[in-house]
1. Can you find a residue in the stretch 114-130 that is outside any helix (DSSP H, G or I), of a type outside the set (S, T, N, Q) and closer than 16 Å to A296 by Cβ?
2. So if I check each of G169, G152, which one is part of a helix (DSSP H, G or I), open to solvent by less than 10 Å² (accessible area, probe 1.4 Å) and closer than 23 Å to P286 by Cβ?
3. Condition test on G418, is it open to solvent by 40 Å² or more (accessible area, probe 1.4 Å) and outside any strand (DSSP E or B)?
4. Give just the number: which of (1) of a type outside the set (S, T, N, Q); (2) under 16 Å from the mean Cα position of the chain (by Cα); (3) under 25 Å from T55 (Cβ atoms) does M153 not satisfy?
5. Going by what's in this entry, would N402 be described as at pLDDT 90 or above, open to solvent by 20 Å² or more (accessible area, probe 1.4 Å) and within 15 Å of N288 (Cβ to Cβ)?
6. Condition first: surrounded by 23 or more Cβ atoms within 10 Å (Cβ to Cβ) and either in a helix (DSSP H, G or I) or in contact with a Phe, Trp or Tyr (Cβ under 8 Å, 6 or more places away or on another chain) (or both). Now tell me which residues in the stretch 70-79 satisfy that.
7. Any idea which of P60, P102, P122 is surrounded by 22 or more Cβ atoms within 10 Å (Cβ to Cβ) and within 30 Å of E427 (Cα to Cα)?
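The values are calculated or read from the model by the stated rules, or taken from the named source; none is laboratory data. These numbers were taken from a predicted model, which means no experiment stands behind them. Note that each Cβ is placed from the backbone with ideal geometry, even for glycine, and that neighbours are counted across all protein chains shown. These accessible areas exclude ligands, DNA and RNA; they are computed on the full protein's heavy atoms, side chains included. Shrake-Rupley method; radii C 1.70, N 1.55, O 1.52, S 1.80 Å.
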Amino acid sequence: MNVRKLLTAALALLPAFAVGLVLLAPPAAAASLQEVTNFGTNPSSLRMFLYIPTTVTARPAIVVAVHYCHGDGPAFFNGSDFGRLADQYGFIVIFPSVTQAPDGCFDVASPAALRRNGGSDPVGIMSMVTYVQQRHNGDPNRVYATGVSSGGMMTNVLLGDYPDVFKAGSAFAGVPFACFAGPVSWNDDCAKGRITMTPQQWGDLVRNAFPGYTGPRPRMQLWHGTNDEVLSYVNFGEAIKQWTNVLGVSQTPVSTDMPQSGWTRTRYGTSTSNVVVEATSMLGVPHNLPVQAAAAIHFFGLDTPLTSTTTTSRPPTTTTSRPPTSTTTSRPPTTTTTTTTTTTTTTGPGTCSAAYAVSNSWGTGFVAGVRVTAGATTINGWRVTLTLASGVTIVNLWNGVNTGTSGAVPVTNAGYNGRLTPGQTTEFGFQANGGNTAATVSCTAL
């Protein structure tokens, strides 16, 4: 399997608040993700999904959260913690959504995308930011970008194209700015770690995106798994070289620690109190890494608890009806597609149900997903027993933790998708070898 197919297989699968008046009012209805149309210049026909908490700061920060290949804005909203953190800290989240690329990936390769105001996806995303600033009093001094895989790549692009707009970024499993540059959307040399440059060369690529710009540059947070099978771990080191050069600091870290076992975090800057690049290497972790949304929001400086707030008003929007989908990256090219669904519910501290569906199949394998839905009460975790046909073996699983790869396979929630309120759903997915797609699932609330 070449790397392009592997990416596709890996993903069917981060200043202080302004003070306002506290309004004493009855609790507002829960916020929901909304689609915004006619938000401005949009050369690549992106869709804009917006999450505004029921309470925001008087001048709310803006976080652009960019999805993975074969994903979309609603999927990233449902599969990540950025909405919940927005509720907690009062910022607004934009979820851009690709429509034109057949693989659902953002454009991080074309000359238009790699030049300020050059066109393509970055221009559409900038229109979304401007819309929120103008319509919802978004703070132009607190605009941030984050994303995973294709979204991590776009995070690098946005910070390179618009250093005067974005104050920081958090890129999960991405590649350096312009590493994917070329005539086609996929760059196999970059993906496989065959593109290496000096820090100066990498830095020049960023500086050339906005010639003549001499103002401050955004801080960067990087995350990468050492076992990334889609975007080589080499890209992690190259990105460190790029952003330390862009920000004018040494490649020697000012501090090194381990936020958890197997993860090494290095920080770069002029001192431990002035860190401009933070990089976390995750030992043994594949491309499907756990997105540390809270750590990204902390890096942005947005995790100050709400005290003085003002109630938001809803924008003129259309509610999206898209169902939640997996939070990983892409699905393989297929020759046939079949779908079967089995649902079973069991009782634990609460209840949950599981629905199994095959999305893609070919002669020797298939990709499937399992949707977990909470029952009438909130659950704090779930475990699905996934029973596969004889001879079928899981080769990759995302948005869950599996014990075993064949037969009856227990799958428990990941760290970010265990807690579900009544009726709320999440999904995990997997790729398997074997031609028999039949399976049964049962769910236990934990």
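1. no
2. It is G152.
3. For G418, the condition - open to solvent by 40 Å² or more (accessible area, probe 1.4 Å) and outside any strand (DSSP E or B) - is not met.
4. Going through the list (1) of a type outside the set (S, T, N, Q); (2) under 16 Å from the mean Cα position of the chain (by Cα); (3) under 25 Å from T55 (Cβ atoms), M153 breaks only (3).
5. Criteria met by N402.
6. Here is the first cut: in the stretch 70-79, the residues surrounded by 23 or more Cβ atoms within 10 Å (Cβ to Cβ) are 70-71, 73, 75-77, 79.
Correct list: G73, A75, F76, F77, G79.
7. Being surrounded by 22 or more Cβ atoms within 10 Å (Cβ to Cβ) and within 30 Å of E427 (Cα to Cα) holds for just one of P60, P102, P122, which is P122.
One line per residue, one yes/no per condition, for (1) closer than 18 Å to Q292 by Cβ; (2) at pLDDT 95 or above; (3) not in a loop (DSSP other than H, G, I, E, B):
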| site | (1), (2), (3) |
| --- | --- |
| E35 | no, yes, yes |
| G40 | no, yes, no |
| V93 | yes, yes, yes |
| A112 | no, yes, no |
